[in-house]
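The structure appears right after this line, and notes come after that.
The values are calculated or read from the model by the stated rules, or taken from the named source; none is laboratory data. Please read these numbers as outputs of a predicted model, since none were measured by experiment. Every residue, glycine as well, gets a Cβ built from its backbone with ideal geometry; the counts of neighbours run over all protein chains shown. These accessible areas exclude ligands, DNA and RNA; they are computed on the full protein's heavy atoms, side chains included. Shrake-Rupley method; radii C 1.70, N 1.55, O 1.52, S 1.80 Å.
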Amino acid sequence: MSSAQADRVPEILVFDSGVGGLSIAACIHQQLPAARLTHLADNAGFPYGGQPEEVVVDRTVGLVQAQLRQRPFDVVVVACNTASTVALPALRSAVSVPVVGVVPAIKPAAALSENRRIGLLATPATVRRPYLEQLVRDFAPDCELERVGHPELVTWIEDWARGRPLPEPALSVALQPFRDAGVDTLVLGCTHYPLIQDELRRLLPDVRHWVDSGDAIARRTGSLLEEAGFAPRDLVRDQSSGHRCLFSAPATADIDPFLARLGYRREVIQA
Ligand code: DGL
């Protein structure tokens, strides 16, 4: 281990198309309170679910590279299922710091489900990616998977984070396939969704197990920081302050109360 790291605060870049990556960042903060978090929301490219794959790859690689030129990040977390399922290989070959990605948590869901009926709530893009088929073949071959790729839910959650109410009747209708299929386990396959988990639980009271990737991503981030030379005790020692939420296009001040509740201040990146 390099002793030089003991004097530094670990710096983590968390990337998403919007504010959904803050659900992953919250798990990282809980497990690694000493780390300083920079969350970058590509609101100029949001939503990624509606973008061609090559646009998502180019934006992810370009924006992360630009941040790495500005600050010595120790780990990059692509806290977006939609981007991770296509952009990880290109990003990993373009940058020299470790990159953690997030993919739908099919494996832990299969371990938890008792009735072998699992639901996946994700963006339309994530639901149709070959990566998902592979996850199901590898980890849940004996499960029925009910997929809902919702085109608007990420936008509703972005609006909710800015103080507008969720359209509850429409949300309830969107979740009906899970009730019809009798799923006992639900995978939240988009990082925005854990932000409204209380609401989702209320609308789907029969789901027993709720699965997202936040804690697993935080554990993986911690091991990469240890491999980079940070001592485990230094990762939990102090509460870091000064978390920043960067936006790729100007974001209005109505997001500030939400960011403040999570301990972030808003900044717009320079192009
Ligand atoms: N939080 C992103 C995800 O996990 C949202 C994707 C989008 O912008 O469509 O997939």
Against the conditions (1) within 16 Å of the ligand (Cβ to nearest atom); (2) touching a Gly at 6+ places or on another chain (Cβ under 6 Å), where does V183 fall short? Just the number, please.
(1)
Tell me whether region 22-39 contains one or more residues that are closer than 20 Å to A216 by Cα, outside any loop (DSSP other than H, G, I, E, B) and free of Cβ contacts under 8 Å to residues at least 24 places away in the same chain.
no
The condition of being over 23 Å from A79 (Cα atoms) and at pLDDT below 95 holds, among A181, A174, A231, only for A231
Specify the residue that is nearest to the ligand (Cβ to nearest atom); the eligible residues are those in region 147-166 that are in a helix (DSSP H, G or I) and open to solvent by less than 60 Å² (accessible area, probe 1.4 Å).
V154
Residue in region 211-229 that is over 20 Å from the mean Cα position of the chain (by Cα) and among the β-branched types (V, I, T) present:
no
Criterion (more than 16 Å from the ligand (Cβ to nearest atom) and polar (S, T, N, Q)) met by exactly one of Q197, Q176
Q176
Every residue from region 230-271 that is of a type outside the set (D, E, K, R), within 18 Å of the chain's Cα centre (by Cα) and closer than 28 Å to D7 by Cβ:
H243, C245, L246, L262, G263, Y264
Among residues of region 119-146, those that are assigned to a strand (DSSP E or B) and open to solvent by less than 10 Å² (accessible area, probe 1.4 Å), counted
4
Please find, within region 8-58, the residue that is nearest to the ligand (Cβ to nearest atom) out of those that are of a type in the set (D, E, K, R) and open to solvent by 10 Å² or more (accessible area, probe 1.4 Å).
E53
Just wondering, is there one or more residues in region 74-89 that are more than 16 Å from the ligand (Cβ to nearest atom), open to solvent by less than 10 Å² (accessible area, probe 1.4 Å) and at pLDDT 95 or above?
yes
